[in-house]
Amino acid sequence: MIGITEKHLEELFEAIDDKTTVLVFGDHGLTEDGNHGGETPLEMASAFFAYQKTPFPMYESYLRNKDLYAEMDSSVKLGDVAAITTALMNQMFPFSNMGKMHPLLVNTGDIKEVHAKFLANIKQMDDYLVEYCRVTDMMWCPEEIKTLNSAYNKFASFDVSRASEREITE
């Protein structure tokens with residue numbers, strides 16, 4: 001099966017133009033014993049692969065700071081696919097999205113623009129969480145809203161105009 005998949009992907013990669021990005025991802029992960037569909041980290045994790053003929057605009061920055069991306073690289077979840085796709089297409093994040101974009105997979109090479117996209121991603125998640133909690137009145141809501149607001153405020157107050165690429169990435 002893997003050989004067939006590889007052959008199809010090779011054919012696809014040869015056929016695309018320089019403006020096309022191919023995203024390949026699984027619809028869910030699995031536990032060690034093969035279960036899926038639950039809420040454990042292994043079940044929510046998803047295989048994810050992105051390819052385009054020309055390097056992604058943030059590729060060089062990503063390589064220079066790869067150590068800072070290790071956790072993000074190893075924790076892509078199915079819920080992140082909408083945010084990643086949205087960032088690649090330079091569109092607004094869907095209101096009900098609770099996934100995070102990946103800084104490598106954006107359509108800009110400007111780290112300050114990537115910071116702004118992350119800020120928009122966090123703000124959208126915060127807006128959705130506030131609305132969700134208003135409607136559902138879940139007991140965990142106040143703490144989650146506080147945590148997300150804190151992350152947003154910290155991220156928003158960071159002065160990207162005076163920071164190095166590595167400081168912004170951290």
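Scanning the range 123-170 for residues that are over 16 Å from E113 (Cβ atoms) and touching a Ser or Thr at 6+ places or on another chain (Cβ under 7 Å) gives a single hit, Y128. Contact map, the range 153-165: first residue closer than 18 Å to N65 by Cα and assigned to a helix (DSSP H, G or I), second residue of a type in the set (S, T, Y) and modelled with pLDDT of 85 or more, Cβ cut-off under 7 Å, separation 6 or more or different chains; pairs are E165/S61. Between D27, D18, the distinction of being in contact with a Ser or Thr (Cβ under 6 Å, 6 or more places away or on another chain), of a type outside the set (F, W, Y), touching a residue at least 12 places away in the same chain (Cβ under 8 Å) and outside any helix (DSSP H, G or I) belongs to D18 only. Only one of the numbered conditions (1) touching a strand residue (DSSP E or B) at 6+ places or on another chain (Cβ under 9 Å); (2) not assigned by TED's automatic domain parsing to the domain that holds I111 is not met by V76, and that is (2).
Exactly one residue among F118, F48 is outside the structural domain of E165 (by TED's automatic domain parsing), in contact (Cβ under 8 Å) with a residue 12 or more places away in the chain and within 12 Å of the chain's Cα centre (by Cα), and that residue is F48.
Figure legend. Inter-residue proximity from the range 67-78: first residues among the β-branched types (V, I, T), second residues loosely packed, with under 13 Cβ neighbours inside 10 Å, beta-carbon distance below 9 Å, spacing 6+ or different chains. Indicated pairs: V76/A47.
Among the residues of the range 138-152, the one identified as surrounded by 10 or more Cβ atoms within 10 Å (Cβ to Cβ) and in a loop (DSSP other than H, G, I, E, B) is M138. Assuming L104 fulfils every condition listed in (1) over 30 Å from V130 (Cα atoms); (2) among the aliphatic types (A, V, I, L, M); (3) buried (at least 17 other Cβ atoms within 10 Å of the Cβ) apart from one, which condition is it? With (1) over 30 Å from V130 (Cα atoms); (2) among the aliphatic types (A, V, I, L, M); (3) buried (at least 17 other Cβ atoms within 10 Å of the Cβ) applied to L104, the lone miss is (1).
The values are calculated or read from the model by the stated rules, or taken from the named source; none is laboratory data. What you see is a predicted model; the values in this text were computed from it and never measured. FYI the Cβ positions are ideal-geometry reconstructions off the backbone, even for glycines, and counts take in every protein chain you see.
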